[in-house]
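A quick write-up on the structure given underneath.
A short reminder: the numbers here are calculations on the coordinates, not readings from a lab. No experiment lies behind these values; they were computed from the predicted model shown. Note that we place each Cβ from the backbone using ideal geometry, even for glycine, and neighbour counts take in every protein chain shown.
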Amino acid sequence: MSVSIQHEDFDVGAVMAELRATNNNVGAMVSFVGLVRDSSYDEKVENIFVEHYPGMSEKALNKIIEEARQRWDLLAVKVIHRVGTLGPNDQIVLVATASSHRGHAFSGCEFIIDYLKTDAPFWKKEVKTQGGEWVVTKDSDVQRMERWQHK
């Protein structure tokens, strides 16, 4: 289980190979890659600036991973979140899970990204043609996270 917060891009294939090599019981791997969109609410996004509070962000992500591990049989988890200035189509986040069975890998991955979107301390500023503004948590992201509280 590992968390990395970094400026550098990541290689999804290399991360998945790393997860696969962690345990001979891996029967399923699932990954989610989030990308920077080039528009937001019909406005062109030139780039986004992502910042975090070192130490606090890693602690929050590790807590989310631990809760996922308590719910599902996850053999390996890797979360990478990029910070700094990112342009449209850049990779911003990776959540990868490995388990003996696909259901655990899918549910664990989905749970982690849903909680990451709402509970992890990252701040994103979208720079648009009309200026910049900080991104607020969407109601749809909160609803996705809340559905896990009833399971």
Is there a residue in the range 95-108 that is within 22 Å of Thr137 (Cα to Cα), touching a Gly at 6+ places or on another chain (Cβ under 9 Å) and touching a residue at least 60 places away in the same chain (Cβ under 8 Å)? yes
Hey, which of the strands (runs of 3 or more DSSP E) in the range 73-151, taking only ones fully inside, have at least 2 residues that are of a type in the set (Gly, Ala, Ser), more than 15 Å from the chain's Cα centre (by Cα) and surrounded by fewer than 21 Cβ atoms within 10 Å (Cβ to Cβ)? 131-134
What about Ala96, is it closer than 23 Å to Thr118 by Cβ and either β-branched (Val, Ile, Thr) or in contact with a Ser or Thr (Cβ under 9 Å, 6 or more places away or on another chain) (or both)? yes
Members of the range 62-120 found to be among the basic types (Lys, Arg) and under 16 Å from Arg144 (Cα atoms), listed by number: Lys117
Qualifying residue in the range 24-36 (condition: of a type in the set (Val, Ile, Thr) and within 11 Å of Glu126 (Cβ to Cβ)): yes
